[in-house]
Amino acid sequence: MNYIEFGTEKKELSQIVLGMMRISQMSVKEVEKLVETALSVGINAFDLADIYGRGKCEEILGQVLQNRPDLRDQMWIQSKCGIRIEEFTYFDFSKKHILDSVDQILQRLKIDQLDSLLLHRPDALMEPEEVAEAFQLLTEQGKVRDFGVSNQNPMMIELLKTRIKQPLVTNQLQLSAAFTPAFDAGFHVNMEDSAANMRDGSVFEYCRLQDMVIQAWSVLQHGYFEGIFLNSEKYSRLNEVLQRLALEYGVSPTVIALAWILRYPAKMQAIIGTTNIERVRDAAEATTISLTRKEWYEIYLAAGKSLP
Ligand SMILES: NC(=O)c1ccc[n+]([C@@H]2O[C@H](COP(=O)([O-])OP(=O)(O)OC[C@H]3O[C@@H](n4cnc5c(N)ncnc54)[C@H](OP(=O)(O)O)[C@@H]3O)[C@@H](O)[C@H]2O)c1
């Protein structure tokens, strides 16, 4: 496992993160085994959000931590807030909502401090002053160690930075071999085709400039939760290339797909969402492989993208 320096205390975090969005149907014992397996292969970073399973995912991990308090010190636990699921879904970065959310997250997880808190999806009505007050209180009360964002573009982050004192140490963004709008626009700068549409303000380059960790989510999915591209007929060429490289490197196609993400030269983490312990063990191998430039571009093209 490779580790990157993360946050204000330069904590060594694994480049593979275990995402816990899909654990709501698992038993406490099964999740304990999942966490133990992750730790045994060097994964020490765990990603949650208050909305995952409408709180159930944090609750289950909280029960694991209650039964096994020895696990807490080995884990970097991150959660997110700012999405409200009520009669419809909307976004809320108000001071009150952030503070209430963190209290509820800590209660569900049965811990005193969250290692990092991310603002989940942009709230157009955000008042940076309110976020700043919330972050300041959470820091002073020792409830949150580090702060970051998710799915935010550079100007949103700049707006936040006009008021908040704490560094924003990470941006969690969707990226997979089959989901690359940010890279597509970069390749097609100043061109007339649709791939040239810049939708996110060069957010990947911005994160590199700001030394923010990029946490890639839905690393095996295509579209917006349309399913995994592995073994999908829609991505037959991509699967051919992944399988060939997998054979050459003596690993699984999943490992190649994750190595593709980690090859991007930022401070990268890939968040895996599997609930299967064998797949957790397998994914951990991704940091042992560094794809060549040619292999990286071959995968990009095999996913149906074009280069000028
Ligand atoms: N910030 C955001 O807005 C945001 C949004 C979405 C997700 N996230 C984070 O990112 C994490 C990962 O997202 P994700 O779950 O979509 O990631 P993912 O790793 O792309 O997808 C995981 C899903 O793929 C299945 N899978 C994996 N390998 C497979 C294989 N070889 N064959 C068949 N199925 C396979 C898993 O099933 P099994 O469980 O059976 O292996 C699971 O259902 C989440 O847990 C969450 O922490 C963040």
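The values are calculated or read from the model by the stated rules, or taken from the named source; none is laboratory data. Since this is a predicted model, take the numbers as computed values, not measurements. All Cβ positions, even for glycine, are placed from backbone atoms using ideal geometry, and neighbour counts span all protein chains on display. To get the accessible areas, we keep the full protein, side chains included, count just its heavy atoms, and leave off ligands, DNA and RNA. Shrake-Rupley method; radii C 1.70, N 1.55, O 1.52, S 1.80 Å.
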Out of curiosity, is V131 modelled with pLDDT of 95 or more and within 16 Å of the ligand (Cβ to nearest atom)? no
Working carefully through the options I51, I4, find the one that is β-branched (V, I, T) and in contact with a Lys or Arg (Cβ under 6 Å, 6 or more places away or on another chain). I4
Going residue by residue through segment 138-151, is there one that turns out to be open to solvent by less than 60 Å² (accessible area, probe 1.4 Å), on the phi > 0 side of the Ramachandran plot and free of Cβ contacts under 8 Å to residues at least 40 places away in the same chain? yes
For L61: the one exception among (1) within 22 Å of L118 (Cβ to Cβ); (2) open to solvent by 20 Å² or more (accessible area, probe 1.4 Å); (3) within 13 Å of the ligand (Cβ to nearest atom): (2)
Take A283 and decide whether it is assigned to a helix (DSSP H, G or I) and either modelled with pLDDT under 95 or within 10 Å of the ligand (Cβ to nearest atom) (or both). yes
Going through segment 52-104 in order, the residues found to be β-branched (V, I, T) and out of contact with any helix residue (DSSP H, G or I) (no Cβ under 9 Å at 6 or more places or on another chain) are I83, T89
Every pair of residues 6+ apart whose Cβ atoms lie under 7 Å, when the first sits in segment 219-232 and is more than 12 Å from L258 (Cβ to Cβ) while the second is of a type in the set (A, V, I, L, M, F, W, C) and surrounded by fewer than 19 Cβ atoms within 10 Å (Cβ to Cβ): Q221/I228
Kindly indicate the residue of segment 152-164 that is under 23 Å from the mean Cα position of the chain (by Cα) and not in a helix (DSSP H, G or I) and also surrounded by the most Cβ atoms within 10 Å (Cβ to Cβ) among those meeting that condition. Q152
Looking only at segment 85-108, which residues are open to solvent by less than 20 Å² (accessible area, probe 1.4 Å) and among the aromatic types (F, W, Y)? F93
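Conditions (1) open to solvent by 60 Å² or more (accessible area, probe 1.4 Å); (2) in contact (Cβ under 8 Å) with a residue 40 or more places away in the chain, marked per residue:
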{"position": "L258", "(1), (2)": "no, yes"}
{"position": "Y264", "(1), (2)": "no, yes"}
{"position": "Q269", "(1), (2)": "no, yes"}
{"position": "E278", "(1), (2)": "yes, no"}
{"position": "D282", "(1), (2)": "no, no"}
{"position": "E285", "(1), (2)": "yes, no"}
{"position": "T288", "(1), (2)": "yes, no"}
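Residue-by-condition table, conditions (1) in contact with an Asp or Glu (Cβ under 8 Å, 6 or more places away or on another chain); (2) within 27 Å of I23 (Cα to Cα):
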{"position": "S236", "(1), (2)": "no, no"}
{"position": "V241", "(1), (2)": "yes, no"}
{"position": "A246", "(1), (2)": "no, no"}
{"position": "A259", "(1), (2)": "no, yes"}
{"position": "R263", "(1), (2)": "no, no"}
{"position": "E285", "(1), (2)": "no, yes"}
{"position": "L291", "(1), (2)": "no, no"}
{"position": "P308", "(1), (2)": "no, no"}
Log entry, pairs with first residue in segment 294-308 being open to solvent by less than 60 Å² (accessible area, probe 1.4 Å), second being of a type in the set (D, E) and not in a loop (DSSP other than H, G, I, E, B), beta carbons closer than 8 Å, six or more apart or on different chains, reads A302/E240; K305/D184
Within segment 64-84, residues open to solvent by 10 Å² or more (accessible area, probe 1.4 Å) and within 11 Å of the ligand (Cβ to nearest atom) come out as I83
